[in-house]
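Computed from the coordinates by the stated procedures, all read-outs in this text should not be read as laboratory data. Quantities reported herein were computed from a predicted structural model and do not represent experimental measurements. Heads up, the Cβs are rebuilt from the backbone with ideal geometry, glycines too, and the neighbour counts pull from every protein chain shown.
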Amino acid sequence: MNRRIYIAGAIGNGHTAKPRDMYKNVRYAETYYKALIESGWTPFCPHLSYYPWLNFEDDIHWETWLAMDLDYIDSCAALVRLPNKSLGADLEVKYAEEINIPVLYPKDTEDTVRLLEKEFGKPETRAELQKYISLINDFKK
């Protein structure tokens, strides 16, 4: 089972948002990220690129960020669209729909988990992740 879930939502609105608003958007997305991890999914949260971006000497164009995001979407089972305004997230939704990746529109984090389980069933985290856990334990020896 592919447990990869892409989280799409506002970050900087094409570099037009104020830093404080960007931070709020990132913190909001983090609540979905944590809920998905705790429910056995493997989320990708592009919002987390905000932290290193703050320290980059040169800016990275909005189009470059979006191109990288679309590349991630290719490998995901579904896209979760957060309920906030975002041109970039709208483009990500359009792309996901074009490549037949389900797009879910949850009301909150609990609704996200419910919609994913309705679409795919509950992930068997322990069994499916055991191969990775074994690899990690072997590496630690």
Q: May I ask you to derive the relative contact order of the chain, considering only C-alpha pairs under 8 Å and at least 6 residues apart, and to give it as an integer percent?
A: 31 percent
Q.
Nearest 10 degrees is fine. How inclined is helix 62-73 to the longest principal axis of the chain, computing both from alpha carbons?
A. 20 degrees
Q: Determine, at each q value in 0.14 (inverse angstroms), the log₁₀ of I(q)/I(0) that the Debye formula gives when each Cα of the chain is one equal point scatterer.
A: -0.68
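Suppose the chain between F120 and I99 were pulled fully straight at 0.36 nm per residue; how much longer would it get relative to their current alpha carbon spacing?
Between F120 and I99, full extension yields an extra 5.8 nm.
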Q) With the dipole of segment 4-140 worked out from charges on the C-beta (+1 for Lys and Arg, -1 for Asp and Glu) around the Cα centre, which of A78, Y51, N137 lies farthest toward the positive end? A) N137
**Q.** Tilt relative to the chain, helix 19-38 - C-alpha long axis, 0 to 90 degrees, to 10
**A.** 10 degrees
Q) Short version: ³J(HN,Hα) in whole Hz for each residue of segment 86-94, in order, from phi by Karplus 6.51 cos²θ - 1.76 cosθ + 1.60 (θ = phi - 60°), x for Gly and Pro, what are they? A) 6, 5, x, 5, 4, 5, 4, 4, 4
Q. Looking at this model, which pairs from K94/K131; K34/K85; K18/K107; K24/K122; K18/K94; K24/K140 are more than 28 angstrom apart at the alpha-carbon?
A. K94/K131; K24/K122; K24/K140
